[in-house]
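Chemist: I'd like to ask some things about the structure below.
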2 protein chains.
Amino acid sequence: MACDSFMCIGNRQGSEKPEKEEMNPEKDYKNISLTQFLEILDQKRFFWLIKRLSGNDTGITGGHQSGIYVPRQFMEAVVPSVVTTEEYNPTREISCYIPSQDCLKTGIQAKYYNNKYFPEKELKKKYDEFRLTRWVGTPLQDVENTGSICILAGACRNGETELLGWVSNSAEEEDLIEYWLGKDVEPGQMYLSSAQTERKELPILKQLPVAWLKAFPSGRDIFNFIEERFPQSSWTRSIDELLLKRRDVEFDIFSEVEKHDVIPNIKDGFSSVDEFIKYANSVANRRKSRAGTSLELHLESIFRYEQLKFEAQVVTEQNKKPDFIFPSGKDYHNPAFPSTKLHMLASKTCCKDRWRQVISEADRIEKKHLFTLQQGVSSNQLAEMYQHGIVLVVPQPIITTFPDEYRTKIMNLTGFVDFIKTSQNAG
Amino acid sequence: MACDSFMCIGNRQGSEKPEKEEMNPEKDYKNISLTQFLEILDQKRFFWLIKRLSGNDTGITGGHQSGIYVPRQFMEAVVPSVVTTEEYNPTREISCYIPSQDCLKTGIQAKYYNNKYFPEKELKKKYDEFRLTRWVGTPLQDVENTGSICILAGACRNGETELLGWVSNSAEEEDLIEYWLGKDVEPGQMYLSSAQTERKELPILKQLPVAWLKAFPSGRDIFNFIEERFPQSSWTRSIDELLLKRRDVEFDIFSEVEKHDVIPNIKDGFSSVDEFIKYANSVANRRKSRAGTSLELHLESIFRYEQLKFEAQVVTEQNKKPDFIFPSGKDYHNPAFPSTKLHMLASKTCCKDRWRQVISEADRIEKKHLFTLQQGVSSNQLAEMYQHGIVLVVPQPIITTFPDEYRTKIMNLTGFVDFIKTSQNAG
């Protein structure tokens, strides 16, 4: 017994389990929980990508099913044989098992659109990109899952591809995935297991206030800095685009500040697992805490510049606090002030599982505006929202991810600001 | 501008913000979210403790309000002046603000029961312990919060104590706290910010299978090992105590295996924040994944030894899967099998926010047994549970944390096993 036991071994050996004879994903992974699924990704060292399904992915926006775009690294890890320019537009057929909905899909096509390397074809559009297509009947092409977090994870061993998927079923599952990932899954972004954070060499990152090295800046500190650098007064495009631009910059700045704050604490390693995990979770929690208030700061700045009358975080009924009340909490609570001139705006990066909270946020206001960055909402969910008096407000560039028949009922940010101005300037 | 900016500075300076003139916790922390609260604990380097409120804490179990036990380190960090043996049973009055329920409590007593150092008093019981008492009217002494996670966090600067509290309001808040902490908050355990994981020198930790160094063992691997070392056949006390003992050992073994697996990967440090966080979350997720199935393995082993007829994870209606069905899924789905001889057991470490899920887990079974380790449930919640046909099963040693009038209606594990045996042996 003695030397088969734990403490006698000095050197660790390879930590991979031996390969199984044959894979049977449906049997191996049926009924697993999300935590177990995530554990498998880590343990098997799968290559994974995580994104929120957009209206284009799920097929809200019409017939042309172009499938899911995947980056080159994903294909290299999961279906390496398709990554070739020896063949014109090569295709390989693979299967994917999706334990979240117990769905096994065969006949998925891994495609490399590589006509860029075939100039002799004289095609107008030069493609050099990878896609996974033919998801019909799976949760990835279910319009009701628009906005849901989707994980695709796979590996190729001995020439055989194993591909698994997960499409979140609830806000709790999304929280869990985001905790595991260590950051919020933003609409329109893709997150990869090979976390090469590409170093951005933006000049603004070299001009951050030195005081931020001493004390980590608040969300408002960071936003004020961005507002100064991207003032609305000199912005020539729409406020919809201004908001998106500033959000991008905010992410880059936050990452840079975080790097300066955290690297000195992690570069020398840890001797305790608990300390290691605790510190990592502090850093992740700070991200989450900041992400939670970012959108409000962006909107507030634009409203202020546009000289709208508004108040943030007014308590309406019980403990309900819509993000913005127009024109003010005092007017809201003054029964003599006409309800028709009261407005509200809630802001939620993603609205899929959380829009219902908005319904009860302000009893006096019939039409409740909800600003979101989610790329698409199904017709069914939109119908439900509008029945409950919700009006969506989204940045103009993402309006194309919504169903055709609703595009005229969805406001862009410019339209919303005009709407409030008109209301506040009338009478 | 140039040299006030970010990249010019070689050396980091102290990262503490300057002290505020005066503290006003109610104003500073009113309306903050839980993520913000946790961010403050990290940023201000508060000393904190986390525990689930037991029936003894909240006052379920009768009149004698002894307050919350706190360890010496907590008092040294938060109310250092009370840590003295110059004075007999010293007491200091402090305040605590609890943003989760917007509750400011003054007149809390920080007490050091130190009669151990005063032999001249000739008292029978020798005390050497610290307590915070007089929480009446706060969420900490609200019986409905029994089982909820409570955080107490504080610091003492320039002789002034600042103390904050948080009592979780929902399962989502508990998830968030557990993610932030990096582990599940088990009933009866206390977690401290000074995470000195005391090295346990248990002999069993030196006898773990060497194969576990190569491939991280599954939950079942670990449990089988424990079962072998603590066989029921040679256990002389109750099965209630056997289960608790094995659980303790399981925690110790898991930590030891985890340490061997993780330390080599963290000891040399990280150069990327994302990689650092991602790896930490993988480790934390593995903990969570294992914790989720542990209790079932423990119960299953005991049921098997007792030769009960049962089946785990049977699908009953829709997708409902109670943890255990007695005697089998086949009998459950056989309409000719009498319902009165069908039983089920759900197992939940904590049941406060999750017991309602059990109500609909098996339509044919009227009395639904629920095994929990939660230390106490309020009379109101118990009344609701029993109205819905739930019968609690708890390990005998914690039955004293439940309200007097319910103790006869709550089964211990031995009683539950006897109950099933009787049912299965009759007729």
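Chemist: Which count do you get for residues in the stretch A:200-223 that are more than 11 Å from every other protein chain (Cβ to nearest Cβ), among the aliphatic types (A, V, I, L, M) and crowded, with 19+ Cβ neighbours inside 10 Å?
Modeler: The number of residues fulfilling the criteria is 1.
Chemist: Would you confirm, using the coordinates I've provided, whether B:GLU311 is at pLDDT 95 or above, of a type outside the set (Lys, Arg), under 21 Å from B:ASP221 (Cα atoms) and surrounded by fewer than 16 Cβ atoms within 10 Å (Cβ to Cβ)?
Modeler: yes
Chemist: Does B:VAL167 satisfy the criteria of being within 14 Å of another protein chain (Cβ to nearest Cβ) and closer than 30 Å to B:LYS44 by Cα?
Modeler: no
Chemist: Considering each residue of the stretch B:276-306, count those that are of a type in the set (A, V, I, L, M, F, W, C) and more than 7 Å from chain A (Cβ to nearest Cβ), and give that number.
Modeler: 6
Chemist: Check B:ALA155 against each of (1) more than 15 Å from B:ASP102 (Cα to Cα); (2) within 14 Å of another protein chain (Cβ to nearest Cβ); (3) touching a Phe, Trp or Tyr at 6+ places or on another chain (Cβ under 7 Å) and name the one condition it does not meet.
Modeler: Only one criterion in (1) more than 15 Å from B:ASP102 (Cα to Cα); (2) within 14 Å of another protein chain (Cβ to nearest Cβ); (3) touching a Phe, Trp or Tyr at 6+ places or on another chain (Cβ under 7 Å) is unmet by B:ALA155, namely (2).
Chemist: For the subset of the stretch A:307-336 comprising residues that are acidic (Asp, Glu) and outside any loop (DSSP other than H, G, I, E, B), which member is farthest from A:ARG52 (Cα to Cα)?
Modeler: A:ASP331
Chemist: For the stretch B:90-103, name all the residues that are surrounded by fewer than 16 Cβ atoms within 10 Å (Cβ to Cβ) and modelled with pLDDT under 95.
Modeler: Residues satisfying the conditions are B:GLN101, B:ASP102.
Chemist: Considering only residues of the stretch B:337-370 that are assigned to a helix (DSSP H, G or I) and under 21 Å from the mean Cα position of the chain (by Cα), which is surrounded by the most Cβ atoms within 10 Å (Cβ to Cβ)?
Modeler: Among those that are assigned to a helix (DSSP H, G or I) and under 21 Å from the mean Cα position of the chain (by Cα), it is B:VAL358.
Chemist: Right, next: Go through (1) of a type in the set (Lys, Arg); (2) part of a helix (DSSP H, G or I); (3) within 25 Å of B:ASP28 (Cβ to Cβ) one by one and return the number of the condition B:ARG92 breaks.
Modeler: (2)
Chemist: For the stretch A:28-56, name all the residues that are of a type in the set (Val, Ile, Thr) and touching a Pro at 6+ places or on another chain (Cβ under 8 Å).
Modeler: Within the stretch A:28-56, just A:ILE32 meets the criteria.
Residue by residue, here is whether (1) touching a residue at least 40 places away in the same chain (Cβ under 8 Å); (2) under 14 Å from A:HIS369 (Cα atoms); (3) crowded, with 18+ Cβ neighbours inside 10 Å; (4) not acidic (Asp, Glu) holds:
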residue	(1), (2), (3), (4)
A:VAL394	no, yes, yes, yes
A:ILE398	yes, no, yes, yes
A:PRO403	yes, no, yes, yes
A:TYR406	no, no, yes, yes
A:ASN412	yes, yes, yes, yes
A:GLY415	no, yes, no, yes
A:ASP418	no, yes, no, no
A:THR422	no, no, no, yes
A:ASN425	no, no, no, yes
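Chemist: Kindly provide the set of residues from the stretch A:170-180 that are more than 9 Å from chain B (Cβ to nearest Cβ) and in a helix (DSSP H, G or I), ordered by number.
Modeler: A:GLU173, A:GLU174, A:ILE177, A:GLU178
Chemist: Could you list all residues from the stretch B:378-411 that are out of contact with any strand residue (DSSP E or B) (no Cβ under 7 Å at 6 or more places or on another chain) and part of a loop (DSSP other than H, G, I, E, B)?
Modeler: Residues satisfying the conditions are B:SER378, B:HIS388, B:PRO395, B:PHE402, B:PRO403, B:ARG407, B:THR408, B:LYS409.
Chemist: Only one residue in B:VAL249, B:VAL262, B:VAL273 is modelled with pLDDT under 95 and facing chain A (nearest Cβ under 7 Å). Which one?
Modeler: B:VAL273
Chemist: Here are some residues: B:GLY147, B:GLY154. Which one is surrounded by 15 or more Cβ atoms within 10 Å (Cβ to Cβ) and either in the same structural domain as B:PRO397 (by TED's automatic domain parsing) or on the phi > 0 side of the Ramachandran plot (or both)?
Modeler: It is B:GLY147.
Chemist: Continuing with the same structure: Please indicate, with yes or no, whether at least one residue in the stretch B:188-195 is more than 9 Å from chain A (Cβ to nearest Cβ), more than 21 Å from the chain's Cα centre (by Cα) and in contact (Cβ under 8 Å) with a residue 60 or more places away in the chain.
Modeler: So far as the stretch B:188-195 goes, no, none of its residues is more than 9 Å from chain A (Cβ to nearest Cβ), more than 21 Å from the chain's Cα centre (by Cα) and in contact (Cβ under 8 Å) with a residue 60 or more places away in the chain.
Chemist: Given the conditions (1) in a helix (DSSP H, G or I); (2) in contact with a helix residue (DSSP H, G or I) (Cβ under 7 Å, 6 or more places away or on another chain); (3) in contact (Cβ under 8 Å) with a residue 12 or more places away in the chain, report the number of the one that A:LYS183 does not fulfil.
Modeler: (1)
Chemist: Filter the stretch B:27-69 down to the residues that are free of Cβ contacts under 8 Å to residues at least 40 places away in the same chain and outside any loop (DSSP other than H, G, I, E, B), then identify the one that is farthest from the other protein chains (Cβ to nearest Cβ).
Modeler: My answer is B:LYS27.
Chemist: Being without any contact (Cβ under 8 Å) to a residue 40 or more places away in the chain and assigned to a helix (DSSP H, G or I) is the filter here; which residues of the stretch A:103-147 pass it?
Modeler: Passing the criteria: A:ASN115, A:LYS116, A:TYR117, A:PRO119, A:GLU120, A:LYS121.
Chemist: When only residues in the stretch A:252-288 that are touching a residue at least 60 places away in the same chain (Cβ under 8 Å) and within 16 Å of the chain's Cα centre (by Cα) count, which is surrounded by the most Cβ atoms within 10 Å (Cβ to Cβ)?
Modeler: If we take residues in the stretch A:252-288 being touching a residue at least 60 places away in the same chain (Cβ under 8 Å) and within 16 Å of the chain's Cα centre (by Cα), then A:ALA284 is surrounded by the most Cβ atoms within 10 Å (Cβ to Cβ).
Chemist: For the stretch A:110-129, how many residues meet the condition of being surrounded by fewer than 17 Cβ atoms within 10 Å (Cβ to Cβ), among the charged types (D, E, K, R) and under 15 Å from A:VAL83 (Cβ atoms)?
Modeler: Number of matching residues: 3.
The values are calculated or read from the model by the stated rules, or taken from the named source; none is laboratory data. These figures come from a predicted structure and were not determined experimentally. Cβ: placed from backbone, ideal geometry, glycine included. Neighbour counts: every protein chain shown.
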